[in-house]
Structure formats: structure tokens, C-alpha cells
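Engineer: One structure coming up, written as C-alpha cells, with questions to follow.
Derivation of every value follows stated rules applied to the coordinates shown; laboratory data play no part. Only a predicted model underlies this, so the values are computations on that prediction, with no experimental measurement involved. In this analysis, Cβ positions are derived from the backbone assuming ideal geometry, glycine residues included, and neighbour counts consider all displayed protein chains.
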Protein chains: 2
Amino acid sequence: MSGISNTNKPLEPEDTLNGAGRYDPNFTNHVISSIGPATDPRLRKVMTSLIKHVHDFAREVDLTVDEWMAGVDMINRAGQMSTDRRNEGQLLCDVIGLESLVDEITFKAAADAKDAVTQSAILGPFFRHDAPLRSMGDSISFDTPKDAEVAYMHGVVYDVVTKKPVDGAEIDIWQASTNGLYEQQDPDQQEHNLRGKFRTEKDGSYGFYCIRPTPYPVPDDGPAGELLKKLDRHPFRPAHIHLIIFDAESKYLDNDSVFAVKDSLVVKFEPRQGDEKAALELKYDILLGPTE
Amino acid sequence: MSGISNTNKPLEPEDTLNGAGRYDPNFTNHVISSIGPATDPRLRKVMTSLIKHVHDFAREVDLTVDEWMAGVDMINRAGQMSTDRRNEGQLLCDVIGLESLVDEITFKAAADAKDAVTQSAILGPFFRHDAPLRSMGDSISFDTPKDAEVAYMHGVVYDVVTKKPVDGAEIDIWQASTNGLYEQQDPDQQEHNLRGKFRTEKDGSYGFYCIRPTPYPVPDDGPAGELLKKLDRHPFRPAHIHLIIFDAESKYLDNDSVFAVKDSLVVKFEPRQGDEKAALELKYDILLGPTE
């Protein structure tokens, strides 16, 4: 399922299915050749491929003006709905798996250049750069709902090259509450609830209290939600903590609405003994790659 | 240049160029198979092809998270800039030739179903549905600038099936002024300047005064303009009247910034004798296809 167009070969009969061969065979080259000589080489490569694939898509399905305009309208409405706190354009991409795919591509490039680090997953639209730095052992849950299970999450951050624990590594964590909402979506949660940064100790260890995550739907009141409904798909993501770690007992692990689950990121919450503040425990060590 | 992906064939060595074969070969099928059984068959076909081509594009160029986010940001800003009077999402599509391509596809489908009608071209972002109905022989130019050449445009509308003139056919015309601006972009032009609807006479004839069109740049203060600059491309469109008709003497006929020129739409303005209101004349007959 990862065949790519080879435009240097002559058209074969099966390539002309759906009328793709009926259209002006020079049009796409005409558009691509308009790119001027002063263009950045990487941008030229990206745009050449994008134009080729978008045109091939339109020809393959005989896309009509009305269908294209419906797509333009969807994209414009996504932009109009986007704010500092909500990125609907990103969510549209997530629904067709694009964020998860570019995450895989970017991670592979980083892994090839370095060593095998802890696998990445998509950032998603609810990350905030301004999460507060909290102290070792603190809780990130300030408005803990009654149906939440409190868990203590801890582990050690290792340098993937030296294999030694990392002192002072910063970990950024965010998770939705049991109602499926992140704090910036929910007026009933205090600012930066279920969100925070931690620095590892000298021995590389980190630890904090959080809640066991629950599955939640992505926001479905915009174009991305409309698309999911029209595609007869549910909007749910499996339970996860953004670091990012998936709960092995969660529903939706095999049909995440944004396709971000990876086997190596699925974890088990265990019962925690002797801690009145949390009934569950999650141990998760992290292999940190070197920065550029 | 219109090869399409054939995903049923096994990957050949050249298909794995650029690392496309290094990524999870099941991911795209996983995303496509999430489309539910209640999905409209046409939407399923369109989205399956779109997902396949967008994923192939990302793999082909090893698209990174940062590059993808720059694209999301561009799309969101295009939506935020769009209003009833400006459609920046549409303009972004125009710049990569997509509107012109879906126009070709839609026109071919209509032509196959009926007969050879006058060729269509893209609607563009400056069409308004509420143009006023004007009387035969009226002018659409109310704030005629000093550098404008007034022209009388006229012709006959024929039914492509019966070959007979069409009585009462509605013609919608709009054009930019010599400063390159449509009236809705220009506070110095009166409402509906250089825009109007006409109905043909019993003999199918129509006629009105307009100005000879001049080349103009598409709006370049948004994401579409940024993209044109980054691609080292000029923003100019050849001189045209939206009906749509191109002036054979215009610059940019062979490198329209939105790729909408078709040979059959290029026309010649001739000197007009004995009319103090216009120095030029354009005769243009129209073959009208039957409505559905």
C-alpha cells in the first residue's frame, strides 16, 4: 500500500482507469515547470511531489468542481475555527492519518541518524508550550473527578548513547480528564490541570501523580467531526497520556481515530501498594536521543 | 505526466526511491479500512484515493513534522483570511493548478454527456451571485479609469443541440479594472462596477460596453502569495473577461499564475467604427449546452 507514482514510464492500460488518461497529459508538467529557478531545492521537491499527487488524485476519481469546492469550504471553515487553543486544520490531517505518518517518517529519520530511542507519537492539538514546571512527586491533577483512578507514574530517563541516567531532563506531560476534555477545552478545570513539566533527579528518575487516562472523542463539532461522521467512523481515541503512552486495557487501541497507536507505546497500569494517594502505578523508563 | 499509482502491483525497486518503502506498509490500508460501511460510495471512492495519494506524497518526499505543520499553518491562515468577498483556500488551489484541473474534468464529463459546448474556465474567487440584471447595450463600466480602452462586446448565444439562437439566455460577466482590482476589492469602485447580468434578445443576441481587460496579479498578501513568492513565480493572470474570454494580445497567456488559459478561449479585440462610446469591438458567439 505504499506504491508511488512513476511518471517516467509510459501509461499502461490499467493506468488509464477512471478516465485519468483522458485529460491533458501536459497539464501537470506545465504547472510544475512554473516553479522558478530561485526556489529552495527542498521546497521544489516537496511541491513537485504534492502537485503531482494532488493532480493524480483529481484525475483518478474524476473530481468535479462541486466536490472540490466542498473541500475548499471544509478547509476554510477549519481555519476559521482554529485559535491558539484549537487547531482544526491539524485535526483534519489527523483524521486521514497524516500526522501519524509524518511522525513515523520524522522518527525514522532521527532513529537512523542516532540510535534506537523511545518511539514518538503525534503531538496532537492540545499541547501547550507554557505548562508550569512542577516538583518531583507532585500531582498534575487539581480538579480530580470522582470517576478518576489516581495513578503514580515514574521511571528513569536514560541517554541512549551513553546508557547513563540523565540528570535534569525535562519531561512534558498532558492528559485529558475523565470527561474527555483537556483543561483548555473545559471551563470547569483550572488552568494547566492535568498538565505539567518535570525535571529528572540526579539518578535520572522522575515521578508524579496523574489519573488513569480514559478514551475520549476528538472534538467533533467542526469539519473534522463532519468528515468522521460522513466516513461512518467513531471519533474516539484510546486512553493515553501525552508523553505519550497508551493503556494496554483501553478500548480503541486497534482503531484509534487518529491512527497514533504503536505497540511499543502500549503500557500496563499495575496496582500500587502502600500509597493512600494512588491505587495504580505505572513504571515507564525513557530512552532519550541526543539533541542535534 | 498523468500516471496514477497502482497499489495492486508489488513494489519494484524504483518505487522505493526516497525511502518510501521504509515505512509501515500496512499503515495506509489501516487508515482506509477505518471508513465505515454506511459511507456514501462516492465519498468512499474520493477519500480512499485522497488518503492514498496524500500518504504516497508524504512518503515520497520523507515529509517531516515541521514541514507538515508549516502546511497546516498555511491552510489555517488561508481559512482565517477568507470571507464572503475573498476565498484564499480557493486561491491556494488555483496556484497549484487544481481549480483549472477540476474545471477540465467537469467540462469533459459534461461534454461527453452532451455535445461540444463553448469551453469553460475556472470561476475564480471574485464571482458574485448577486450581480444586477442590466439592459441590452448598457455599459458595465461606471468608474471608467483614464487608462482604460472601452470595448463593445457582442455576439449570439446558440443552443448546441438545436443549433438555434437562444431567447432570454442569462449571461453573467465580471472583470477587473485597469488597476487589477475587482470592485469588491477596491473602495474607489462603485458596487457592482464592471459586473452584470444580461438576457439575450429573441434572436439570441447580446451586447454591452465593457473595458478591454488588462493583466493583473492575484492577491499576494496571504498564504497563496507567500507560496508564489517561495516558488519564484509571478502572480499575474493574462487579461481576461469572466464569461470567460482571453485577449490574444495579452502578456502571461503562456504562464497564467492559475493555469486557466485554453486556446479556444483566446480572442482578438478589433477596432470599432462609428461608435463614440467604444474604440474596440469584440464579437463572441456562445454555444450553450442543455441544462440537466
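Engineer: If you split all Cα-Cα distances of segment A:211-273 into 10 Å bins from zero, what percentages do you get per bin, shortest first?
Structural biologist: For segment A:211-273, the binned pair fractions read 22, 47, 25, 6, 1 percent.
Engineer: Taking every DSSP beta bridge that has both residues in chain A, what percent is antiparallel when rounded to the nearest 5?
Structural biologist: DSSP beta bridges in chain A are roughly 65 percent antiparallel.
Engineer: In debye to the nearest 20, how big a dipole does chain B give about its Cα centre with +1 on each Lys and Arg Cβ and -1 on each Asp and Glu Cβ?
Structural biologist: 540
Engineer: Along the three principal axes, how long is segment A:40-94 when you take its alpha carbons, biggest first, rounded to the nearest angstrom?
Structural biologist: 34, 33, 17
Engineer: Can you pull out the GluC sites (Glu not before Pro) in segment B:128-209 whose DSSP state is coil and whose Cβ has at most 13 other Cβ atoms within 10 Å?
Structural biologist: B:GLU191
Engineer: Once you've got the Cα coordinates, tell me which of A:LYS262/B:LYS45; A:LYS262/A:LYS283; B:LYS229/B:LYS262; B:LYS202/B:LYS277 are over 22 Å apart.
Structural biologist: Result: A:LYS262/B:LYS45; B:LYS229/B:LYS262; B:LYS202/B:LYS277 exceed 22 Å.
Engineer: For segment B:115-288, place one equal point scatterer on every Cα, skip the solvent, and apply the Debye formula. What is log10 of I(q)/I(0) at q = 0.08 Å⁻¹?
Structural biologist: After summing over all Cα pairs, the log10 values are -0.25.
Engineer: Next up: With θ taken as phi - 60° and the coefficients 6.51, -1.76 and 1.60, list the Karplus ³J(HN,Hα) couplings across segment A:32-49 in order, rounded to whole Hz; mark glycine and proline as x.
Structural biologist: In residue order, the calculated couplings are 5, 6, 6, 5, x, x, 7, 6, 3, x, 5, 4, 4, 5, 5, 5, 4, 5 Hz.
Engineer: Now for a different question. Straight-line reach from A:LYS52: which lysines have Cα under 17 Å away, leaving out those fewer than 8 places along the same chain?
Structural biologist: A:LYS9, B:LYS52
Engineer: Could you work out, for segment B:158-249, what percent of all Cα-Cα pairs fall into each 10 Å distance bin, beginning at 0 Å and stopping at the bin that holds the largest distance?
Structural biologist: Binned Cα distances yield the sequence 15, 34, 30, 15, 6, 0.
Engineer: Shifting gears a bit: Counting only DSSP beta bridges with both residues in the protein assembly as shown, what percent are antiparallel, rounded to the nearest 5?
Structural biologist: Given both bridge residues lie in the protein assembly as shown, the antiparallel proportion sits at roughly 65 percent.
Engineer: Taking 1 over the mean of 1/r across every pair of different Cα atoms in chain B, what Kirkwood radius in Å do you get?
Structural biologist: 22.0
Engineer: Whose amide H sits under 5 Å from the amide H of A:VAL267, counting only residues 5 or more places off or on another chain, with H placed in the peptide plane?
Structural biologist: Counting only residues 5 or more places away or on other chains, the set is A:PHE246, A:ASP247, A:ALA248.
Engineer: Return P(r) of segment B:104-213 (all Cα-Cα pairs; 10 Å bins starting at 0; whole %; ordered from short to long distances).
Structural biologist: 14, 37, 34, 14, 1
Engineer: What percentage of all Cα-Cα pairs in the protein assembly as shown are separated by more than 33 Å?
Structural biologist: Counting every Cα pair in the protein assembly as shown, those more than 33 Å apart make up 53 percent.
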